[in-house]
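Have a look at the structure below, then the notes.
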Amino acid sequence: MSEAIAYERVGEIAVLKAQNPPVNALGIDVRKGLLAGIERAESEGARAILIYGDGRTYFSGADIREFGKPPQDPYLPDLCSRIEASPLIVVSSMHGTALGGGLEVALSSHYRIAVPAAKMGLPEVNLGILPGAGGTQRLPRLAGSEAALEMITTGRHIGAAEALDKRIIDRIEAGEPREIGLAYAQELLDAGAPRRAVGEMPAPGMVDFDAAHKAALKKGRGQLSPAAAVRAVQAAAEAEDFGAGLKRERELFQELMASPQRQGLVHAFFSERAVGKLPELAGIAPREVASMGVIGGGTMGAGIATAALLAGLPVVLIEMTDAGVAAARGRIEGNLKGALMRGKITQTQYGQLTGEALTVATDYAALGQVDLVVEAVFEDMGVKREVFGKLDSHCKPGVVLATNTSYLDVDDIAAATSRPGDVIGLHFFSPAHVMKLLEIVVAAQTTPEVLATGFALGKRLKKVAVRSGICDGFIGNRIMNTYRKAAEYVVLDGASPYQVDKVVTDFGFPMGPFAMGDLAGLDINWAARKRRAPTRDPRERVPRFYEMLCEGGDFGQKTGKGFYIYEDGKRGGVPNPQVAELIAEDQEQQGITPRAFSDAEVLRRYMCAMVNEAAKVVGEGIARRPLDVDMVMLFGFGFPRFWGGPLKWADLQGLEGILADIHSYAAEDGFFWQPAPLLDKLVSEGRSFEILNQSA
Ligand code: T1G
């Protein structure tokens, strides 16, 4: 018998136990084992078969590592059909997470039982595919077309109670999956229950599938799998018979499996898990963090405090004045009210978090007992150094001292203390209690233990934490500054900001760079430009229209006007006609004759700038691996997940073409378009970013 599936006989019941840790993925050995187990049970005269998973879960799906490789027999869809066709009564007993192909095996069984905490779902669309082992045909036969469409197009996991309600399972029972499964199978045998194949049930009802398809396309913002999944469910309702529906599902599945979006999404799945695994952290225990200090209660500090409170960490926040204390408390309470309204916390928890877990004070002495402090004060080196000097004298030994700076040199900040080894950058993204990205910035003297503590905190706050070295803007903002410049250059040369924003949102970003500037406040970027102006290289092209807009007092959403005009009560803005005049004035002053840009060229320049800077960030060792950059862009900058990240996108496009385009743009502006040495090297060696991910 296969090692992945253990076979046991209990009376008339053959028991098949999956043992493929950690998540009982349905890899080739598991599939072979299941097939052999079914055949053996039938040939040995058992009357029922029980399938369940050992360890933490029932099957959590197909083995994603097998995607893109030649499929190996027995294929999962055939195995599911074989299970369903068995003359014996097949029962699945579920615990943990029955996902994707896992739930499909359960749906092919004749009866399903689950423990109360079990979760199930068909999350395939999130990997760029659709349920390919009958899920799109069997689920709607049990739950109806509407419910199946909702579950399959969102990939949402549902609990056992909801599954029972939707008729996806037959029973919920507390206990061990083996014991409850055996009892249920025996009960079915004793009652003479019939074999009950979902594939033999009537086809599900019709709904407006075209409308559902359209809605899925719109919601997917360019992601194709949810819309394709609608068509597969449609086949369940419309196909001549069950077999024809399965065939249609197969065709759609194979198209998606071959798509670049599937590669992008699988890259995102594994990178999200690999990003926190750093060789230097192996075997290093983090320091214990039982409470946290936050310096500064502005939007950022309040967001960080909220994130910590929601993760169960008591917070001591320091502000400068009593008015500052009241404002900070107001912001945090506002954030927590939002969490209360969304059902993330209860009224009792709200009371506990605001009443007991949060302290807001003006005296640094209140920080005496905290284990980790994050500074989120004004972005000025003098101010930050003063804060760190004070922390040094008030915090107990061993406290991790973190700065939330976005641009400043963490080494200089660390030098303001007597304990630079304890200093680290924890760069949150606004709003800090919502955005998933956390850049963990390692300074020259940061100890591995302090770095490990940063990652442990990131995990506790449910962030995607990415290690970054020190440079201007760290990983994310540095790359953003470069692609934003590329956007401004195409506008200076003749494209409109609205064309750029549209091209970028059509690509899959939630917002374009100009709408984003309006949202963040144009004055913030204006201040950074002014700060950089004295040290700017004379060869750098400088668009002026951005500053001209700011000089007129238009800072974006907060003043009601920026690149767009925002009317009260309306979502989004309409183009501000004054912008075109400012751009024309800028062009005239710089002697530029504007030209038209195709959407394709706008996108290509935007993406080439992003990839080139990202390659520099990896080449300089600021990011450890290409996947680190990809995760920063996905979780902090709205990069469409279905492309995997800018460097995965680059691999999928072909690095040679990207480098050639950068060279061609360099003919106009050799200063901005300097090819990254790493990109040059990869192209000359015929290698990809993916290879660097694997070898790191
Ligand atoms: N295949 C291969 N490896 C997997 C895996 C899978 N399906 N699921 C998890 N892993 C690895 C993961 O990379 C990690 O490895 C370890 O297991 C623990 O995971 C025909 C084709 C199950 C809810 O989409 O959602 O079926 O990093 O850290 O937080 O229609 O993993 O330790 O080396 O995430 O407890 C559909 C994907 C497949 C489920 C557990 N199934 N997995 O979460 O642990 S497509 C899925 C998850 C399919 C059919 C189609 C989660 C989890 P490492 P973890 P966790």
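For region 5-258, what proportion of DSSP beta bridges, expressed in % and rounded to the nearest 5, is antiparallel?
Details: 8 of 29 bridges.
Approximately 30 percent, going by the DSSP bridge assignments.
What are the residues whose amide H is under 5 Å from the amide H of residue 50, where those residues sit 5 or more places off or on another chain and H is modelled from the backbone?
Under 5 Å from the amide H of residue 50: 14, 15, 16, 91.
Could you give the size of the charge dipole of the chain about its Cα centre, using +1 on the Cβ of each K and R and -1 on the Cβ of each D and E, expressed in debye and rounded to the nearest 20?
On the way: 75 positive and 86 negative charges, 128 e Å.
That gives the chain a dipole magnitude of about 620 debye.
What is the angle, in °, between the Cα long axis of helix 626-636 and the longest principal axis of the Cα atoms in the chain? Nearest 10 is fine, range 0 to 90.
Its long axis makes an angle of about 80 degrees.
Cα centroid distance between region 175-199 and region 27-89, in Å?
18
Could you work out the relative contact order of the chain, using alpha carbon pairs under 8 angstrom and six or more residues apart, expressed as a whole percent?
Numbers: 1332 pairs, mean separation 61.5, N = 696.
Taking the mean separation of contacting Cα pairs over the length of the chain, I get 9 percent.
May I ask you to list the lysines whose Cα is less than 21 Å away from that of residue 166, ignoring any residue fewer than eight positions away on the same chain?
Within reach: 119.
Let me cross-check residue 171: its accessible surface, 1.4 Å probe, with only protein heavy atoms counted, in Å² to the nearest 10?
My reading of the accessible area for residue 171 is about 70 Å².
Taking a 1.4 Å probe, which of 136, 593 shows the most accessible area, and what order do the others take after it? It would help to have the intermediate numbers written out before the result.
Values: 136 0, 593 120 Å².
Greatest to least solvent exposure: 593, 136.
Round to the nearest 0.05 the FRET efficiency obtained for residue 299 and residue 165 when R0 = 41 Å and r is the Cβ-Cβ distance.
Details: r = 41 Å, r/R0 = 1.00.
About 0.50, to the nearest 0.05.
Whenever you get a sec, compute what percent of the accessible area on the chain sits on carbon and sulfur atoms (1.4 Å probe). Don't skip to the end; give the middle numbers.
On the way: 15280 of 28410 Å².
Carbon plus sulfur share of accessible area: 54 percent.
Strictly over 30 Å apart at the Cα level, which of 459/616; 218/436; 459/485; 32/218; 396/459; 337/530 would you flag in this model?
Details: 459/616 28 Å; 218/436 24 Å; 459/485 33 Å; 32/218 40 Å; 396/459 24 Å; 337/530 38 Å.
Checking Cα-Cα distances, 459/485; 32/218; 337/530 exceed 30 Å.
On C-alpha positions alone, give me the angle between the axis of helix 497-507 and the longest principal axis of the chain, in degrees, nearest 10.
20
Are there GluC sites (Glu not before Pro) in region 1-50 that DSSP puts in a loop and that have at most 13 other Cβ atoms within 10 Å, and which ones? Please list the in-between numbers first.
On the way: sites: 3, 8, 12, 39, 42, 44; in loops: 3, 12, 44.
Answer by residue number: 3, 44.
Note down the nm distance, to one decimal, between modelled labels 7 Å out along Cα→Cβ at residue 380 and at residue 6.
6.7
Filter the GluC sites (Glu not before Pro) in region 240-279 to those in DSSP coil with at most 16 other Cβ atoms within 10 Å of their Cβ, and list the result. Could the numbers behind the result be given before it?
Numbers: sites: 240, 249, 251, 255, 272; in loops: 240.
Counting only loop positions with at most 16 other Cβ atoms within 10 Å, the GluC sites (Glu not before Pro) in region 240-279 are 240.
Can you pull the one-decimal nm distance between simple spin-label points at residue 254 and residue 585, each 7 Å off the Cα toward Cβ?
The answer from the label model is 6.2 nm.
Report, by chain and number, residues whose modeled amide H sits under 5 Å from the one on residue 405, excluding near sequence neighbours (fewer than 5 apart, same chain).
426
What trypsin sites (Lys or Arg not before Pro) in region 492-556 are in a loop by DSSP, with at most 13 other Cβ atoms within 10 Å of the Cβ?
Working: sites: 502, 529, 530, 531, 532, 536, 539, 541, 544; in loops: 536, 539, 541, 544.
Passing sites in region 492-556 are 536, 539.
By a straight-distance test (C-alpha under 20 Å), which aspartates and glutamates pair with residue 384 as possible cross-link partners, with residues fewer than eight away in the same chain excluded?
319, 363, 371, 375, 392, 409, 411, 412, 422, 439, 472
Specify the angular offset, from 0 to 90 degrees and rounded to the nearest 10, of the alpha carbon long axis of helix 76-85 from the longest principal axis of the alpha carbons in the chain.
30
Can you tell me the accessible area per residue over region 235-291, all protein chains present, probe 1.4 angstrom, in square angstrom?
On the way: 2990 Å² over 57 residues.
In whole numbers, region 235-291 has 52 Å² accessible per residue.
Expressed as a rounded percentage, what relative contact order does region 476-695 have, with Cα pairs under 8 Å and six or more residues apart? Mind dumping the intermediate values first?
Values: 264 pairs, mean separation 49.2, N = 220.
Relative contact order for region 476-695 comes out at 22 percent.
Quick check on the chain: helices-only [θ] at 222 nm, where DSSP H runs of length 4 and up contribute -39,500 (n - 2.57) each and the sum goes over total residues. Nearest 500, please. Provide the component values of the computation, followed by the final result.
Values: 29 runs with 338 residues, N = 696.
Computed mean residue ellipticity for the chain: -15000 deg cm²/dmol.
Test of understanding: given the chain, find the longest segment containing no chymotrypsin sites (Phe, Trp or Tyr not before Pro) that are in a DSSP loop and have at most 11 other Cβ atoms within 10 Å. Present the calculation step by step, with values, prior to reporting the outcome.
Numbers: sites that count: 378, 671.
With a cap of 11 other Cβ atoms within 10 Å, the longest stretch comes to 1-377.
Out of the DSSP beta bridges found with both residues in the chain, what percent are antiparallel (nearest 5)? Numbers along the way, then the final one.
On the way: 16 of 61 bridges.
Here the antiparallel bridges make up roughly 25 percent for the chain.
Assuming R0 = 51 Å, can you tell me the calculated FRET efficiency for the pair residue 595 and residue 365, based on Cβ-Cβ distance, to the nearest 0.05? Don't jump to the answer; show the numbers that get you there.
On the way: r = 63 Å, r/R0 = 1.23.
With R0 = 51 Å, the Cβ-Cβ based efficiency is 0.20.
Taking R0 as 51 Å, what FRET efficiency do you get between residue 200 and residue 694 from their Cβ-Cβ distance, rounded to the nearest 0.05? Write down the numbers at each step before the final one.
Working: r = 46 Å, r/R0 = 0.89.
For residue 200 and residue 694, the calculated efficiency is 0.65.
The values are calculated or read from the model by the stated rules, or taken from the named source; none is laboratory data. Every value quoted in this text rests on a predicted model; they were computed, and no experiment measured them. Ideal geometry is used to build each Cβ from the backbone, glycine not excepted, and the neighbour counts take in all protein chains shown. Heads up: the accessible areas ignore ligands, DNA and RNA and are worked out on the full protein's heavy atoms, side chains in. Shrake-Rupley method; radii C 1.70, N 1.55, O 1.52, S 1.80 Å.
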